[in-house]
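Below you'll find the structure, written out as structure tokens, and then a few comments.
None of the figures in this text is laboratory data; all of them are computed from the coordinates on show. Since this is a predicted model, take the numbers as computed values, not measurements. Glycine also receives a Cβ, built like all others from the backbone with ideal geometry; neighbour counts cover every protein chain displayed.
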Amino acid sequence: MAPDVSILVVDDDKVDQMTIRRAFKKGKLASPLYSANDGMEALAMLRGQDGFQRVRKPYIILLDLKMPRMNGLEFLGELRRDPQHKHAIIFVLTSSRDEQDKLRAYDEHVAGYIVKSKVSKEFLEVISLLDCYRRIVEIPAKWEVAACPAG
């Protein structure tokens, strides 16, 4: 994956966060990697609020759905209403196999829905997917350099 793409992992499970970090190291991917524990923290990071350093654009988000305070579906809705972040590339990475969760996520235009148990602890597959996605898919330059007002 090109080092100019930031990855934001939004997941309250510290073990999953560490597993993803290890997979990045093992796969020798140099992209900046950020972690948020729930949707509220992720929004603050994307907006550069509440003392968080802003996540640099362009970015890809790996999003869990089942989290405290603001869950993944609530986060998706809020992000899609935000003019500065509505085009975010988001992959759901969750334990939920619920059909309604899948439908709601795709209604919010996620790039993909990945069930954690299908990748088990082998997150290298997910990292490889992100690497291929970034190398092949073109992101509009406007999304990459769009200025975000300080919040």
Item to check | Against the rule of thumb 2.2 N^0.38 Å, how large the Cα Rg of the chain comes out | outcome: 0.96
Checklist entry - Tell me, what is the FRET efficiency for Asp50 and Val115 to the nearest 0.05, using R0 = 41 angstrom and their Cβ-Cβ distance as r? => result 0.85
Next on the checklist: Using the basic label-point model (7 angstrom from Cα toward the beta carbon), what is the Cys132 to Lys14 distance in nanometres?
Outcome noted: 3.4
Next on the checklist: Show me, for the range 24-31, the HN-Hα J-couplings you get by feeding each phi into the Karplus relation (A = 6.51, B = -1.76, C = 1.60, θ = phi - 60°), rounded to Hz, glycine and proline as x.
Outcome noted: 4, 5, 4, x, 6, 9, 9, 4
Item to check | Peptides 15-21, 94-100, 71-77 ordered by average Cβ neighbours within 10 Å, highest first | outcome: 71-77, 15-21, 94-100
Checklist entry - For Tyr34, which sequence-distant residues (separation of 5 or more, or a different chain) have an amide H within less than 5 Å of its own amide H, given hydrogens modelled in the peptide plane? => result Ile7, Leu8, Val9
Item to check | Point-to-point label distance, Glu99-Arg22, nm (Cα→Cβ direction, 7 Å offset) | outcome: 3.6
Item to check | Sum of -39500 (n - 2.57) over DSSP H runs of 4+, divided by residues of the chain (222 nm, nearest 500) | outcome: -12000 deg cm²/dmol
Checklist outcome for this item: The answer for the per residue Cα convex hull volume of the range 1-75, in Å³, is 82
Checklist entry - Can you give the extra length, in nm with one decimal, that the chain gains between Tyr106 and Glu74 once fully stretched, where that is 0.36 nm per residue apart less the Cα-Cα distance? => result 10.2 nm
Item to check | Cross-link pairs Lys14/Lys66; Lys66/Lys116; Lys26/Lys57; Lys14/Lys116; Lys57/Lys86 - those with Cα-Cα distance over 20 Å | outcome: Lys26/Lys57
